[in-house]
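> Here you go, one structure.
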Amino acid sequence: MRVGILGIAGRMGQELVAQARAAGHDVIGGTLNPASARAYRNDIPALGLPHLAGQSDVVIDFTHADAVAEHARVLSTGRAAWVLGTTGIAPEQQLQVEAASHRIAVLQAAHFGLGINLLMTVARQLAAILPAETYDAEIVEMHHRQKVDAPSGSALLLGQAVAEGRGTTLAAVMESGRDGHCGARATGAIGFASLRGGQIVGEHSLSFTALGEQITLSHRAFDRNIFAAGAMRAAAWLVGRPPGLYGIDEMLDLRPARGHDRQ
């Protein structure tokens, strides 16, 4: 594949370069933010997004939510598929992603690791079995101190899986950032707590707690290369597919590939 990498000078960008080259793909170029442009030293050229959109088979994007709308606009005018791993995307930015998916193939995921995506499948199944009236669902996540969004995208996906299993929406039952005299826990709520510190790559824990027992599912990421490896796998799966908005669960055959019919 001919691969373009957005934010190529960052930690994730460099992991993606290594993974792409190890798999025998051609990294034709990448974009740089102004802060890293002067210090960038690499044999891979820094190119503009329009060039990457027109010349790549796939563009991989783990940059910043503030750039998503512009990336969607430019990429939708090109030929490249778009693997999007950026988290913290606002609803209006998500609309731009969905609009782009009517013209190009987009695979969007908050986490590209195999383990946590399987965890979401189990979470959905458990939530469908355990009554929300007696089993309180709580999600705790911890990441490195530089992370700017909370709860993490992966934590929200876990919450969405629980909500889906219970036949509701996360927006209807989410409780996040409890502080002070916040009152008793609402029945059926899905609670979130976010911790930040050091250079932790990512830790997520989901607990279902009743009066007499607790079931806990957890996942720890030790190295960012699991995200890069998963993104490259997603890129290979996505290239050649028709326009549509796909998810990592479809790539892993946990659900049929439905494109614009995704719920």
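> Report every pair of residues separated by at least 6 positions or lying on different chains whose Cβ atoms are under 8 Å apart, first residue within the stretch 209-236 and over 16 Å from Asn117 (Cα atoms) and among the acidic types (Asp, Glu), second open to solvent by less than 30 Å² (accessible area, probe 1.4 Å) and in a loop (DSSP other than H, G, I, E, B).
The qualifying pairs are Asp223/Val201.
> Mind checking whether some residue in the stretch 100-122 is at pLDDT below 95, outside any helix (DSSP H, G or I), of a type outside the set (Lys, Arg) and open to solvent by 40 Å² or more (accessible area, probe 1.4 Å)?
no
> Can you work out which of the residues in the stretch 10-29 that are open to solvent by 20 Å² or more (accessible area, probe 1.4 Å) and part of a helix (DSSP H, G or I) is farthest from Ile226 (Cα to Cα)?
Arg21
Rundown of residues vs (1) at negative phi; (2) in a strand (DSSP E or B); (3) among the small types (Gly, Ala, Ser); (4) loosely packed, with under 14 Cβ neighbours inside 10 Å, yes/no style:
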site	(1), (2), (3), (4)
Gln125	yes, no, no, yes
Pro151	yes, no, no, no
Ala171	yes, no, yes, yes
Ala184	yes, no, yes, yes
Ser207	yes, yes, yes, no
Leu211	yes, no, no, yes
Thr216	yes, yes, no, yes
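> While we're looking at this one, here's another question. For Gly88, state whether it is touching a residue at least 12 places away in the same chain (Cβ under 8 Å), part of a loop (DSSP other than H, G, I, E, B), touching a Gly at 6+ places or on another chain (Cβ under 6 Å) and buried (at least 16 other Cβ atoms within 10 Å of the Cβ).
Taking the combined requirement at face value, the residue does not satisfy it.
> Inspect the stretch 120-143 for any residue being within 20 Å of Trp237 (Cβ to Cβ) and among the aliphatic types (A, V, I, L, M) and give the result as yes or no.
Within the stretch 120-143, one or more residues are within 20 Å of Trp237 (Cβ to Cβ) and among the aliphatic types (A, V, I, L, M).
The values are calculated or read from the model by the stated rules, or taken from the named source; none is laboratory data. Everything quoted here is computed from the prediction, not taken from an experiment. Here the Cβ is made from the backbone with ideal geometry for all residues, glycine too, and neighbour counts use every protein chain on show. Heads up: the accessible areas ignore ligands, DNA and RNA and are worked out on the full protein's heavy atoms, side chains in. Shrake-Rupley method; radii C 1.70, N 1.55, O 1.52, S 1.80 Å.
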